[in-house]
1. For every other residue with a beta carbon closer than 11 angstrom to the beta carbon of Ser179, add +1 if it is Lys or Arg and -1 if Asp or Glu, then tell me the sum.
2. Over the chain, what is the relative contact order in percent, taking alpha-carbon pairs closer than 8 angstrom and at least six residues apart?
3. Can you work out the Karplus-derived ³J(HN,Hα) for every residue in the stretch 265-270? Use 6.51 cos²θ - 1.76 cosθ + 1.60 with θ = phi - 60°, whole Hz, and x for glycine or proline.
4. Of the labelled options [x] 36, 22, 20; [y] 48, 22, 16; [z] 51, 27, 15, which one gives semi-axes √(5λ) of the Cα gyration tensor in Å as computed for this structure?
5. Once both axes come from the Cα atoms, what is the angle between helix 2-19 and the longest principal axis of the chain, in degrees from 0 to 90, rounded to 10?
6. Test of the criteria: in the stretch 255-299, which trypsin sites (Lys or Arg not before Pro) are in a DSSP loop and have at most 12 other Cβ atoms within 10 angstrom of their Cβ?
7. Would you mind checking which residues have amide H under 5 Å from Gly234's amide H? H placed 1.01 Å from N; only 5 or more apart, or other chain.
8. Taking H as built 1.01 Å from N, whose amide H comes closer than 5 Å to the amide H of Asp209, not counting residues under 5 places away?
Amino acid sequence: MNRSFLRLAIAAAVVAVLAGIPALADTRIEKNLKLESGGKLTIVADAGSVTVTGGNSSGAHILLTSSRDDLESRFDLKFEELPGEVRITMKKKESLNFWSNWFNNSRIAFEIQVPTKTRTDLSTGGGFISVASLTGDSKLNTSGGHVEVENLTGNLIGETSGGHIALHSITGDAKIETSGGHIEVDGVTGTLHGETSGGHIEVSNVGKDIHVETSGGRIEIKGAHGRVEADTSGGGVEVSFAKGNSAGGKIESSGGGIRVIVDPNANLNIDASTSGGTVRSDVPVKVVGKISGSSIKGSLGSGGELLYVHTSGGSVTISAAGEI
């Protein structure tokens, strides 16, 4: 009897405590705004993740959600229909000491569907950005999350201070930068410029020139069709040039070995060296000057653009591509 009474007392106390805690109701705001094909979507938000998807219907269909019920009292919200543009603005009404804790528990999210032919300019101070199935230039900026873009026809500028960047099937040029994550790219028809201070870089199927840098990881590039400039301070590098690519490049590492795979029928001048290992070539380089185990300088085929390869922390291998 005493144990049963104790269990009932504990249960009653728990219920009483929970009853005294106000429930956090969700916020759900839906808007349907006029936006014709070929228009522009602009978002300037102090917080929130942003997902934008293109489709066949006209107009901008907007869903804004939060796990908190006081979103509208915390922010000035504007949903504007402008000539050829939908603009969404969400700004903090005041600066409070507990904003960071409030954000961590708010789970603010924009989910937006727009016509396929829509240009985008999206900026958020606290969340990820995801864009898919759009035709039009895209500019993306977040201070607190990853950036993912898929099936974009247009030029892309993407920047984040706190997450990774992933691109897939971009028809155009891409310029991306992150201070806190890795970069993964599969399919860019134009040029690629990518920089990260905190992760590895993986790139494949880029149609034109590539320039990538990382201070904190390895670099892997496959199927490069243009000139390659790759530099890392924290890992190894592997670069595979596409068949027929004689554009050359500059490939450097301060913290690992380098392997470069080239078409043996390409026409290149090659300058490869290491301060911490050996240099080996599996392609027929016509060596110029002194032969050394730590450097090779000469020409492949009839010579041409310079392929410069150097590492301070490993060996260098230049390999012949098989079937590319």
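1. Here the count lands on -3.
2. 10
3. Those phi angles translate into 8, 6, 10, 9, 9, 10 Hz.
4. [z]
5. 80
6. Answer in residue order: Lys290.
7. Correct list: Gly216, Gly217, Ser254, Gly255.
8. Those qualifying (amide H under 5 Å, at least 5 residues apart or on another chain) are Leu192, Arg227.
Values in this text are rule-based calculations from the coordinates and carry no lab data. This one's a predicted model, so the numbers in the text were calculated from it and none came from an experiment. Neighbour counts are summed over all protein chains in view; Cβ atoms, including those assigned to glycine, are modelled from backbone coordinates with ideal geometry.
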